[in-house]
1. Please work out if residue 79 is at pLDDT 90 or above, touching a Ser or Thr at 6+ places or on another chain (Cβ under 7 Å) and not polar (S, T, N, Q).
2. Condition first: of a type outside the set (A, V, I, L, M) and buried (at least 16 other Cβ atoms within 10 Å of the Cβ). Now tell me which residues in segment 59-72 satisfy that.
3. Residues of segment 133-182 being in contact (Cβ under 8 Å) with a residue 24 or more places away in the chain and aromatic (Phe, Trp, Tyr), which ones?
4. Give the residue that is farthest from residue 142 (Cα to Cα), with candidates limited to residues of segment 40-70 that are assigned to a helix (DSSP H, G or I) and either small (Gly, Ala, Ser) or touching a strand residue (DSSP E or B) at 6+ places or on another chain (Cβ under 8 Å) (or both).
5. Only residues that are farther than 14 Å from residue 43 by Cβ and within 14 Å of the chain's Cα centre (by Cα): list them for segment 136-152, please.
6. Consider segment 156-176. How many of its residues are open to solvent by 50 Å² or more (accessible area, probe 1.4 Å) and among the hydrophobic types (A, V, I, L, M, F, W, C)?
Amino acid sequence: MDSQRNFDFLKYMVESDDDKGLLNELMTAYGKDVWNYAFSITRKWDLADDISQEVFIKVFKNMHAFRRDASVKTWLLTITRNTAIDHQRSAFFRKVTLSDVVEDYGERHSVEHDVVEQTAVNEIWKMVLDLPKKYREVIILYAHNQLSLKEIAQVLDVTEGTVKSRMFHARQKLSKMKEANR
């Protein structure tokens, strides 16, 4: 998102009493990014739906706590990552994941599903989704969400050097995967 639009959101957050209107604007502007990032972490459609919804509930409850030391997108993706990690740590998630009790009762088609499915058709994105989580995250935040290395470091709560290292290793792994598929 360009800096003027980001500034407009920040100004709106400070001056507006219309929290629902702001939430609607944030969901419209960043809903797909939040859902796609949640999916890239969990690799489950239904969990990405739940996490996205929970993220925007948290944003609604805490939008006046936004400190403006990062972009709105970086703030939302940080909340998305933390919410996804909380879901993965929960006992319910571990129980369901380890026992494979949950069955898929059919395919749901949503706009987000179609967008991610179209993206996943691309061979490189399939390989990215097969990377270990720490490498997958940096590639998705950089290539898909177009965050800077500094913003990625903020989202992941690591140093820029760590981000550069993970990016390097992710690219190496992708190169090896491409060679193996030839």
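1. Criteria not met by residue 79.
2. 66, 71
3. Of everything in segment 133-182, those that are in contact (Cβ under 8 Å) with a residue 24 or more places away in the chain and aromatic (Phe, Trp, Tyr) turn out to be 135, 142.
4. 65
5. 138, 139, 141, 142, 143, 144, 145, 146, 147, 151, 152 - these are the residues of segment 136-152 that are farther than 14 Å from residue 43 by Cβ and within 14 Å of the chain's Cα centre (by Cα).
6. Number of matching residues: 1.
The values are calculated or read from the model by the stated rules, or taken from the named source; none is laboratory data. Just so it is clear, the structure is predicted and the values come from calculations on it, not from any experiment. Don't worry about glycine lacking a Cβ; one is built from the backbone with ideal geometry, like all the others, and counts go over all protein chains shown. Note: accessible area is taken over every heavy atom of the protein model, side chains too, but ligands, DNA and RNA are not part of it. Shrake-Rupley method; radii C 1.70, N 1.55, O 1.52, S 1.80 Å.
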